[in-house]
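Report on one structure; see the data block that follows.
The values are calculated or read from the model by the stated rules, or taken from the named source; none is laboratory data. For clarity, every value in this text was computed on a predicted model and none was experimentally measured. Note that we place each Cβ from the backbone using ideal geometry, even for glycine, and neighbour counts take in every protein chain shown. These accessible areas exclude ligands, DNA and RNA; they are computed on the full protein's heavy atoms, side chains included. Shrake-Rupley method; radii C 1.70, N 1.55, O 1.52, S 1.80 Å.
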Amino acid sequence: ALPISRKRVTMQARNPKGQVRRALITVALLLGAQACSDTVTPPRVENVTISAVPTTALFVGDTVRLSVTVGNNQGGTVSNPGVSWRSTAEPVATVNSSGLVTAISPGTTNIIASVDGVADTAAVSVQARPVGSCTAAQPLAVGAVQPVDAAGLACVGGVSGAEYVVIGFNGLTTAHLSLTAEGSGMSTSLAPAGAAAFDMLVSGRSPTRNVAFEARLRRRERTELAPYLAGLRAQQTGPLVPRFSRSAPVPAVGDLLPLNTATESACAGGSTGSRAVGRVAAVTARAVVVTDTANPAGGFTDDEYRQIGLTFDTLVYAEVTRNFGEPLDVDKNDNRVIIFYTRAVNQLTKENSQEGFVGGFFFARDLFPTTAQPGFQACAGSNYAEMFYLLAPDPNATINKNRRTKEDVRENTIATIAHELQHLISASRRLYALQTENWNEVVWLNEGLSHIAEELVFYRASGLGPRQNLTVEQIRALERRRVAFNEHQIDNFGRFTRFLEDPEDNSPYEEDDDLATRGATWGFLRYAADRVTTEQTGLWNRLVNSRLTGMENLKAALATEPIPLVRDWSVSVFTDDDLVNTAAIYQQPSWNFRSIYTVLSPSGYPLKVRTFTNGSTALKLAPGGSTYLRVTPPGTGIASVRFRSGGAAPPREFSMFVVRTR
C-alpha cells in the first residue's frame with residue numbers, strides 16, 4: 001500500500017451569474033514512495049578556510065586582517081557567514097569580531113575562526129620591534145632642552161664626553177600609560193645616578209600629618225551632604241539664624257558652647273561621646289578660641305589662647321583671605337571663626353600610628369543649617385558656624401599614649417589653620433556666594449590650594465615673596481625666616497619629596513590624594529602662578545570663586561590649557577637651577593629646590609633618575625607622570641632611546657624631551 005497524504009485544496013468556480021464560488025475540497029492523493037515530503041533540505045557548512053595569514057612574524061604593534069572562505073556540502077560557498085574569532089594567547093595577539101589581529105607581545109598564538117561548529121586555525125608569530133637606528137644626532141649645548149617629535153625616538157651623542165637625560169611625560173588626564181623604553185648604543189660603563197630616599201633632617205619635628213583622614217572627610221562631605229543642599233538654599237531665602245543668641249551673637253570669654261565633634265557621619269546628631277562642651281578662652285577680631293572642657297591637663301592658658309587668636313588675625317586670616325576671599329558669616333558673629341582645641345582630634349590618632357597624626361580639620365557640614373524647612377532636611381550634626389577642630393596639648397600622653405607638648409601643638413596647628421581656612425573659604429563661598437552645585441572642588445586641586453595657603457603664610461611671616469628663587473642661605477640669613485620656614489613651609493617640601501622619589505607613579509592631578517600627589521600639586525600650582533602672572537592674588541581668587549572644578553577651573557583661571565603647563569613643569573623638575581643655558585620655561589622662579597634640599601636630604605635633590613642602558617625597560621606612567629632616563633653614549637658615538645606603547649608609537653598625549661647635562 002502506498003502512503004496517502006491529504007491536502008486541503010481551495011478550488012474556484014463560477015456560478016451561472018458569473019459570480020465566483022469557492023469550495024474547499026479534500027483530495028486524497030496517492031503518492032509514490034519518493035514523494036513523501038515537499039520539504040527542501042538547506043545546505044550545511046562543510047569547511048572553513050582562513051586566508052590572508054601572514055607568512056612572517058608580526059612586529060609588536062602591527063595589525064593584519066584575516067578573512068575566511070566558508071564552503072557547504074553542495075559544493076558552493078556561504079555568503080555573509082557569522083564567523084566567531086578567538087586567540088588562544090591574547091597576551092601575544094588579540095583578534096576582534098571582524099578578524100583584525102593586533103600583535104601585543106613576542107610569542108606565538110593560534111587564531112581560530114569558527115562557523116556553525118566548523119573551524120580553521122592559523123598560527124601567528126609576534127616578535128619585538130627592533131629599535132630604530134640613529135646615524136646622526138642634533139647637536140645640543142649643555143643645558144639645552146630639545147622636544148622630540150619622531151615617533152618616540154631620540155638620537156643623542158656625537159660629542160665626546162656628553163651625557164643626556166631623556167624625559168617622557170604622560171599627558172593623559174585619567175589613564176595610566178604603559179610603555180617600553182628601548183635603548184641601544186649606550187656606554188657600558190656608567191656611574192650611579194639618582195638620589196637616595198628622602199630623610200628630613202630637622203630635630204624635634206613631629207610625625208607627618210595624616211592626609212588619609214582628611215581625604216575620607218572630603219569624600220564624606222561630597223557624598224553625604226548633597227541631599228542637604230535644598231535645605232541650605234531654602235535657608236538662604238530667609239534671614240540667617242545665628243549660631244548664638246541674637247542678643248549676644250559674639251560669645252564672651254568663659255561662655256560654654258555645646259559642640260558636636262563627630263566625624264563618622266556628616267549630618268547625624270552624633271553619639272553621646274561626640275558631644276563636647278567648649279569654653280570660650282579668647283575672643284579676638286577674627287577668632288573665637290574655644291577649649292574643650294574635657295581636654296587633658298597641662299594645656300594652654302587663656303593668655304596663650306589669646307596669642308594664638310592674635311596670630312590668626314594678623315597672619316593667617318589676613319593673608320589667606322587677601323588671596324582667596326573671606327568666608328561667609330553664617331553664624332552672624334562679625335566674621336569670626338571658631339578655633340576649637342579638642343581632645344576629639346587627639347583621639348583620631350591611634351597609638352603608635354604609622355599613618356602620621358591628625359592635626360586638625362574643617363568639616364563642611366558645619367556650614368549647613370540645623371533649622372528644618374518645610375520639605376527640606378536639616379543637618380542635625382552641624383554646629384552651623386565657621387570653625388576648625390584642632391589638636392589639644394597633652395604633655396602627659398593621656399590620650400592613646402601620644403605626647404603632645406604645647407610647643408608642638410602651637411607650631412603644628414597654626415599651619416593647620418592656614419590649610420583648613422582655604423577649605424572653609426572655598427566651601428562657604430561656593431555654597432553661599434556662588435550658590436553652585438559644584439560646591440566641593442575636586443580633591444587634588446582643593447588640597448593643592450590649601451598647601452598654597454600654607455606657603456603664602458610663610459611668605460608673610462618671613463617677609464619674603466614668590467619669584468625670588470629662594471636658597472637655603474637666604475632662609476638661614478634671618479631667624480625670622482628660618483622659623484617661618486619650619487612652621488609653615490617645611491611640610492610642603494616634605495610632601496614634594498614624596499613626589500620626587502617616584503615621579504612615574506605620581507602627578508599633580510592624580511585622584512589618590514596621597515602625600516606625593518599633594519606635593520606635586522603644590523609644586524605645579526606654584527610654577528603655573530609664576531609662569532602666567534606676576535599678580536598672583538587674582539589667580540588664587542579666581543580658582544576659589546568659581547563654579548567650575550578641576551581641570552576646567554584651572555583652564556579658566558589660567559586662561560590657557562593646563563596640560564602643556566604640567567608638561568613644561570615636569571621638565572623643570574629636572575632642569576631647574578642645575579644647568580646653564582636652560583630656557584626660562586624650564587626654570588622655577590620661586591624656589592631653588594636643589595639648594596634647599598642640601599639641608600633637607602642627606603643625598604641632596606631626591607629626584608628619581610634611572611640610569612638607562614642597552615635593552616628594554618617596562619615603564620608605567622600615572623596620568624601626568626614623568627620618567628627621567630640618564631643616557632651616556634660611548635665617546636663620540638650615537639645612542640638611541642625609543643618609547644613604545646603596545647608595540648606602536650606612543651599616543652599623541654605622550655611628550656618626549658632630551659636635555660644635555662654634560
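How many angstrom lie between the Cα centre of region 432-484 and the Cα centre of region 334-411?
That distance is 22 Å.
Whole-Hz Karplus ³J(HN,Hα) for region 282-292, in order, using 6.51 cos²θ - 1.76 cosθ + 1.60 and θ = phi - 60°, x for Gly and Pro?
Each residue of region 282-292 in turn: 7, 10, 10, 4, 10, 9, 10, 8, 10, 10, 5 Hz.
For Ile338, what residues show an amide H to amide H distance below 5 Å, using hydrogens built from the backbone and excluding near sequence neighbours?
Val288, Glu386, Met387, Phe388
What size of dipole, in debye to the nearest 20, comes out for the chain about its Cα centre when the only charges are +1 on Lys and Arg C-beta atoms and -1 on Asp and Glu C-beta atoms?
2460 debye
With axes computed from alpha carbons, what is the tilt in degrees of helix 302-311 against the longest principal axis of the chain, rounded to the nearest 10 within 0 to 90?
Tilt of helix 302-311: around 60 degrees.
With θ taken as phi - 60° and the coefficients 6.51, -1.76 and 1.60, list the Karplus ³J(HN,Hα) couplings across region 459-473 in order, rounded to whole Hz; mark glycine and proline as x.
Those phi angles translate into 4, 5, 5, 8, x, 9, x, x, 6, 10, 6, 5, 10, 5, 5 Hz.
For the chain, build the charge dipole from Cβ charges (+1 Lys, Arg; -1 Asp, Glu) around the Cα centre, then report which of Val409, Ala461, Asn446 sits farthest towards its positive end.
Asn446
Could you please report the charge total around Val580, scoring K, R as +1 and D, E as -1 over all other residues with beta-carbon less than 13 angstrom from its beta-carbon?
-1
For Phe59 and Ala234, calculate 0.36 nm times their separation in residues minus their Cα-Cα distance, and state this gained length in nm to one decimal.
56.6 nm
Long-range amide H contacts for Ala89: which residues qualify at under 5 Å (H placed 1.01 Å from N, peptide plane, sequence gap of 5 or more or a different chain)?
Asn110
Determine the relative contact order of the chain: mean sequence separation of Cα pairs under 8 Å and six or more apart, normalised by residue count, in whole percent. All intermediate terms of the calculation are to be shown ahead of the outcome.
Values: 1413 pairs, mean separation 149.6, N = 662.
Relative contact order here is 23 percent.
For the full complex of protein chains and a 1.4 angstrom probe, list Asp116, Asp394 by accessible area with the highest value first.
On the way: Asp116 135, Asp394 0 Å².
Listed by decreasing accessible area, they come as Asp116, Asp394.
Give me the percent of the accessible area of region 543-661 that comes from carbon and sulfur atoms, probe 1.4 Å, all protein chains in place.
50 percent
Search the structure for amide H atoms under 5 Å from the amide H of Asp505, placed 1.01 Å from N in the peptide plane, and list their residues when 5 or more places away or on another chain.
Amide H neighbours of Asp505, under 5 Å, 5+ apart: Ala622.
Quick one: Debye curve from the alpha-carbon atoms of the chain only, equal weights, vacuum; give me log10 I(q)/I(0) at q = 0.05, 0.06, 0.09 Å⁻¹ to two decimals.
Scattering profile of the chain, log10 relative to I(0): -0.38, -0.50, -0.85.
Say the dipole of the chain comes from +1 at the beta carbon of Lys and Arg and -1 at that of Asp and Glu; which of Ala297, Ser114, Ile596 then lies farthest toward its positive end?
Ser114
For region 487-580, what does the accessible surface come to per residue with a 1.4 Å probe? Please give it in Å².
Accessible area per residue: 30 Å².
When the helices in the chain are scored as -39500 (n - 2.57) per DSSP H run of 4 or longer and the sum is shared across all residues, what 222 nm value do you end up with, to the nearest 500 deg cm²/dmol? Don't skip to the answer; put the middle values down first.
Numbers: 15 runs with 167 residues, N = 662.
Taking each H run of at least 4 residues, the total per residue is -7500 deg cm²/dmol.
Just how much of Cys155 is accessible, in Å², when a 1.4 Å probe is used and the result is rounded to the nearest 10?
40 Å²
Output the relative contact order of region 413-458, whole-number percent, from Cα pairs under 8 angstrom with separation of 6+ residues.
Relative contact order, region 413-458: 49 percent.
Leaving out ligands and nucleic acids, note down the accessible area per residue over region 298-380 with a 1.4 angstrom probe, in whole Å².
39 Å²
Would you tell me the accessible area of Lys332, worked out with a 1.4 angstrom probe on the heavy atoms of the protein chains, in Å² to the nearest 10?
Here the accessible area works out near 90 Å².
Considering only protein heavy atoms, with the full assembly of protein chains and a 1.4 angstrom probe, order Ile475, Ile585 by accessible area, largest first.
The ordering from most to least exposed comes out as Ile585, Ile475.
Given a cut-off of under 8 Å on Cα pairs at least six residues apart, what relative contact order in percent is computed for region 52-129? Kindly include the intermediate steps, with their values, before the conclusion.
Details: 163 pairs, mean separation 26.6, N = 78.
For region 52-129, the relative contact order is 34 percent.
For region 542-590, just run the numbers: alpha carbon Rg, then divide by 2.2 N^0.38 Å, N being how many residues it has. Working shown, then result.
Working: Rg = 13.5 Å, N = 49, 2.2 N^0.38 = 9.7 Å.
Normalised Rg, Cα atoms only: 1.40.
For region 442-458, just list the computed ³J(HN,Hα) in residue order, Karplus coefficients 6.51, -1.76 and 1.60, θ = phi - 60°, integers in Hz, with x standing in for Gly and Pro.
4, 4, 4, 6, 4, 5, x, 5, 5, 6, 5, 4, 4, 5, 4, 5, 4
For Glu535 and Thr617, compute 0.36 nm times the residue count separating them, minus their Cα-Cα distance, and round to one decimal in nm.
25.1 nm
Summarise the accessible area of region 49-122 (1.4 Å probe, protein heavy atoms) by the percent that is carbon and sulfur.
Answer for region 49-122 is 48 percent, counting heavy atoms of protein chains only.
Want the number for Thr371 to Ser98: 0.36 nm per residue separation, take away the alpha-carbon distance, what's left? Provide the component values of the computation, followed by the final result.
Details: separation 273, 0.36 × 273 = 98.28 nm, distance 6.22 nm.
Full extension from Thr371 to Ser98 adds 92.1 nm.
Could you pull out which residues in region 323-345 have an amide N less than 20 Å from a spot 7 Å beyond the Cα of Thr293, following the Cα-Cβ vector?
338-345
Using only Cα atoms, locate the centre of region 48-103 and the centre of region 210-231, then give the distance between them in Å, rounded to an integer.
One Cα centre to the other: 52 Å.
Within the chain, which is the longest segment that contains none of the GluC sites (Glu not before Pro) sitting in a DSSP loop with at most 16 other Cβ atoms within 10 Å?
Numbers: sites that count: Glu264, Glu351, Glu355, Glu437, Glu511, Glu535, Glu653.
Between exposed loop sites, the widest span is 1-263.
Along the charge dipole of region 473-632, Cβ charges K/R +1 and D/E -1, which of Val573, Asn506, Thr613 sits furthest on the positive end?
Toward the positive end, the furthest listed residue is Val573.
When the accessible area of region 254-354 is computed with all protein chains present and a 1.4 Å probe, what percentage of it is carbon and sulfur?
48 percent
Ignoring ligands, DNA and RNA, what accessible area per residue does region 387-485 give at 1.4 Å, in Å²?
Using a 1.4 Å probe on heavy atoms only, each residue of region 387-485 averages 33 Å².
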